[in-house]
Number of protein chains: 4
Amino acid sequence: MSKVKLAVIYYSSTGTNYQLAKWAEEGAKENGAEVKVLKVPETAPQSAIDSNPAWKANIEETKNVPEVTLDDLEWADAIIFSVPTRFGNMPGQVKNFLDTTGGLWFNGKLTNKVVSAMTSAQNPHGGQEVTTLALYTTMYHWGAIVVAPGYTDPVLYSAGGNPYGTSVSVNQEGKMVEDVQGAVKHQAKRTVTVAEWVKKGNK
Amino acid sequence: MSKVKLAVIYYSSTGTNYQLAKWAEEGAKENGAEVKVLKVPETAPQSAIDSNPAWKANIEETKNVPEVTLDDLEWADAIIFSVPTRFGNMPGQVKNFLDTTGGLWFNGKLTNKVVSAMTSAQNPHGGQEVTTLALYTTMYHWGAIVVAPGYTDPVLYSAGGNPYGTSVSVNQEGKMVEDVQGAVKHQAKRTVTVAEWVKKGNK
Amino acid sequence: MSKVKLAVIYYSSTGTNYQLAKWAEEGAKENGAEVKVLKVPETAPQSAIDSNPAWKANIEETKNVPEVTLDDLEWADAIIFSVPTRFGNMPGQVKNFLDTTGGLWFNGKLTNKVVSAMTSAQNPHGGQEVTTLALYTTMYHWGAIVVAPGYTDPVLYSAGGNPYGTSVSVNQEGKMVEDVQGAVKHQAKRTVTVAEWVKKGNK
Amino acid sequence: MSKVKLAVIYYSSTGTNYQLAKWAEEGAKENGAEVKVLKVPETAPQSAIDSNPAWKANIEETKNVPEVTLDDLEWADAIIFSVPTRFGNMPGQVKNFLDTTGGLWFNGKLTNKVVSAMTSAQNPHGGQEVTTLALYTTMYHWGAIVVAPGYTDPVLYSAGGNPYGTSVSVNQEGKMVEDVQGAVKHQAKRTVTVAEWVKKGNK
């Protein structure tokens, strides 16, 4: 059987979720997956970006990361989303992208994708749980199979014990507060493992 | 005391939520409120709009409705949102707008707004409940006061009995399935009534 | 490989969810599963039951249905829950049972169960969506794999198009409003299919 | 006008939410409210309680705290719930109690109660957000007015910045990790303030 194809789709204004996505890539590759790290297209006005040096720098730093396309969704056996919280929900940029998937959805091309999600926020309880669950709600519309980490490995506890998906708090200086690298890698491996079962069974 | 100021903020691609917004305006005015009906700025590409005649026609029909601004949020004592469901969540357009409220939020300008929400979807259980609740989740971040209809009037039962906010299903021909006009007007009146209590108390 | 073992766990006061459970059993057996239909233990006081003839009659009618035990959860490869809505969440009886699973959870015995859920309510938008999603939230804690129906079959549209799980409205006479038998059977088959993939892969 | 009547309704197995309830009482009294601290009736089997010394001790320590009754709900202008998370939702004990409010609900006796909620969990992201939101979902059915803390005071940030309601993590030794006393008192005062506006307006 061919390798599990994993799309790690992230949106990141100042770099946190890009880092989470890179760690997910590492974990998934260790588990034998073929991985694409893909960024959600930026739809904010240039003036907003220019007003925030960290945002501008991150866009520059990730300019070579390909933007996610509908073809990537069709290509993927599994998808891991990594997105920040904005007022207890995903950013508009991410919803804009998800809203373009109506054609794929209508043609049943999103069924049985194995999906999982990660988030970040500035406050420890700033919407990490509900943002992850909002992504899963949309995934149910797709007919996806949702694989959250639960408490399937001890490494998850030290990362904050978020059973819906790894989440991290980012302090005023833009640094991650919890050490979540291990949790991200575990979540990615688990996603790939379940995707492999589904891919084998569903051929 | 001055009248309660109500902003009815809607997003509508093919007209349903514009109609709900107009009914809300009627109900609120009957209860003595000063009302602005305001549309969320369209952020979809022109090509998407052009591919859907009903969408294009609605944009033409509502071209004189003012777009909502941050000043409108500051002006309002109460806000009623009316938005369609897209994959179990609000449309990207709406989230894009909400994401621009960080400055107002940071300065405490959104605290104690009295809010309520309405939705539409194509299927009877196509995300009406969760879309409304997703809006309320964001409202909690604002420090708003959330006033859902519950079952506070018999008219709500005939409209589908959605206690989180009036919701309507739209069939393949674009027609509303349930008769929700009475429910919308009740929800608008209730929102204005509570906003009046808050305005009087909070002066 | 041995057959997929499916536990259909329901709570029913007046019979609706017992009927949904029986249809799920039919669908799952047609897909080759070994099925147990199991009721959640009643924890309401006898006086409450006695005050409602339909509740009392249903308890009498289902007295030979075995009560679900923790051993059943361990036995199952897949679980379908069928529960009514009570104020936008599962009934206390169901939560009482789920709260007893801490020992199994702690020992990792609930990981990778393939789960799906169905609901009923008296109003068309009486909490069907959020009750299903509340069950899935608990399932994420277990480390389960959540398989919602999405829009994976046309039969789901005529049943109300609830992508999170089949749901039905029950009128004042206790009759189901929508025809959901086909949707229930499809959801059961889909659950068994995915569970078979997981069972094969995870051996 | 008579004082705002506040019911602080808690469920606590080992004492955390009893402590939160006591702090809420303090804050509310400082804001001039008449307060009843009330416990949700225990419905777990005695054997479960006996197997956990901390649970048994807390039951003994709080034996003189009155159990909440339906009359208390009718009496209250405002209600603050304080409950632990169990698998991402409220405990069965709490749902059992809420399920008994159908008669009050049917007679419109729960309309316009001003409500707010607090939670605890063992992991920092162990369901604090969704448990609070699940309580609010039920409150919408009641026709209640939901007043979450948002970010209405700087003290909330040091308590974890949960905008839906104060939440606390409890470590293996049963000690609270965050310092939430100030946040609880602020939330209680805010709830009383809004309840006073509603009471004045709604007379």
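Things to note:
- When residue D:140 is tested against (1) under 17 Å from the mean Cα position of the chain (by Cα); (2) touching a residue at least 24 places away in the same chain (Cβ under 8 Å), only condition (2) is not met.
- Boolean, residue C:137 is closer than 20 Å to residue A:129 by Cα and either within 11 Å of chain B (Cβ to nearest Cβ) or touching a strand residue (DSSP E or B) at 6+ places or on another chain (Cβ under 7 Å) (or both): no
- Single condition residue B:167 does not satisfy, out of (1) among the small types (Gly, Ala, Ser); (2) under 26 Å from residue A:140 (Cα atoms); (3) away from chain C (no Cβ under 14 Å); (4) out of contact with any Phe, Trp or Tyr (no Cβ under 8 Å at 6 or more places or on another chain): (3)
- Filter pass, residue A:54 being under 30 Å from residue B:110 (Cα atoms) and either touching a strand residue (DSSP E or B) at 6+ places or on another chain (Cβ under 6 Å) or of a type in the set (Gly, Ala, Ser) (or both): yes
- Residue within region C:39-50 that is under 22 Å from residue C:4 (Cβ atoms), touching a helix residue (DSSP H, G or I) at 6+ places or on another chain (Cβ under 8 Å), open to solvent by 30 Å² or more (accessible area, probe 1.4 Å) and not β-branched (Val, Ile, Thr) present: yes
- Qualifying residue in region D:143-151 (condition: closer than 15 Å to residue D:82 by Cβ and within 14 Å of chain A (Cβ to nearest Cβ)): yes
- Members of region A:112-142 that are closer than 17 Å to residue A:80 by Cβ and among the aliphatic types (A, V, I, L, M): A:114, A:115, A:117, A:118, A:133, A:134, A:135, A:139
- Boolean, residue B:192 is within 9 Å of another protein chain (Cβ to nearest Cβ), surrounded by 24 or more Cβ atoms within 10 Å (Cβ to Cβ) and either among the acidic types (Asp, Glu) or more than 18 Å from residue B:84 (Cβ to Cβ) (or both): no
One line per residue, one yes/no per condition, for (1) within 9 Å of another protein chain (Cβ to nearest Cβ); (2) of a type outside the set (Gly, Ala, Ser); (3) touching a Cys at 6+ places or on another chain (Cβ under 8 Å):
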{"residue": "C:61", "(1), (2), (3)": "no, yes, no"}
{"residue": "C:79", "(1), (2), (3)": "no, yes, no"}
{"residue": "C:105", "(1), (2), (3)": "yes, yes, no"}
{"residue": "C:108", "(1), (2), (3)": "yes, no, no"}
{"residue": "C:133", "(1), (2), (3)": "yes, yes, no"}
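- Hits in region A:81-120 - residues which are closer than 30 Å to residue C:196 by Cβ, part of a loop (DSSP other than H, G, I, E, B) and not hydroxyl-bearing (Ser, Thr, Tyr): A:107, A:108, A:109, A:110, A:112, A:113
- Single residue of A:129, A:25 found to be in contact with a Lys or Arg (Cβ under 9 Å, 6 or more places away or on another chain) and part of a helix (DSSP H, G or I): A:25
- Reported count of residues in region D:16-34, each being touching a residue at least 24 places away in the same chain (Cβ under 8 Å) and open to solvent by 20 Å² or more (accessible area, probe 1.4 Å), is 9.
A quick yes/no check of all residues on (1) of a type outside the set (Gly, Ala, Ser); (2) within 14 Å of the chain's Cα centre (by Cα); (3) under 27 Å from residue C:101 (Cα atoms):
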site	(1), (2), (3)
D:83	yes, yes, yes
D:90	yes, yes, yes
D:94	yes, yes, yes
D:100	yes, no, yes
D:104	yes, no, no
D:107	yes, no, no
D:111	yes, no, no
D:114	yes, yes, no
D:128	yes, yes, yes
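- Under the condition of being in a helix (DSSP H, G or I) and either touching a Ser or Thr at 6+ places or on another chain (Cβ under 6 Å) or touching a residue at least 12 places away in the same chain (Cβ under 8 Å) (or both), the residues counted in region A:58-80 number 8.
- Residue tally, condition part of a helix (DSSP H, G or I) and either more than 23 Å from residue C:146 (Cα to Cα) or of a type in the set (D, E, K, R) (or both), over region A:150-187: 4
- Identity of the residue in region B:171-180, surrounded by fewer than 20 Cβ atoms within 10 Å (Cβ to Cβ) and in contact (Cβ under 8 Å) with a residue 60 or more places away in the chain, that ends up farthest from residue C:120 (Cα to Cα): B:174
- Of everything in region A:75-125 that is open to solvent by less than 10 Å² (accessible area, probe 1.4 Å) and among the β-branched types (Val, Ile, Thr), the residue that is nearest to residue D:151 (Cα to Cα) is A:119.
- Among residues of region C:14-30, those that are of a type outside the set (A, V, I, L, M) and either under 17 Å from residue C:178 (Cα atoms) or at pLDDT below 95 (or both), counted: 8
- Filter result for the condition that a residue is surrounded by 21 or more Cβ atoms within 10 Å (Cβ to Cβ), among the aromatic types (Phe, Trp, Tyr), at negative phi and in contact with a Leu (Cβ under 9 Å, 6 or more places away or on another chain), over D:197, D:142: D:142
The values are calculated or read from the model by the stated rules, or taken from the named source; none is laboratory data. Predicted model, so just to flag it, every value in this text is computed and none were measured. Neighbour counts are summed over all protein chains in view; Cβ atoms, including those assigned to glycine, are modelled from backbone coordinates with ideal geometry. Note: accessible area is taken over every heavy atom of the protein model, side chains too, but ligands, DNA and RNA are not part of it. Shrake-Rupley method; radii C 1.70, N 1.55, O 1.52, S 1.80 Å.
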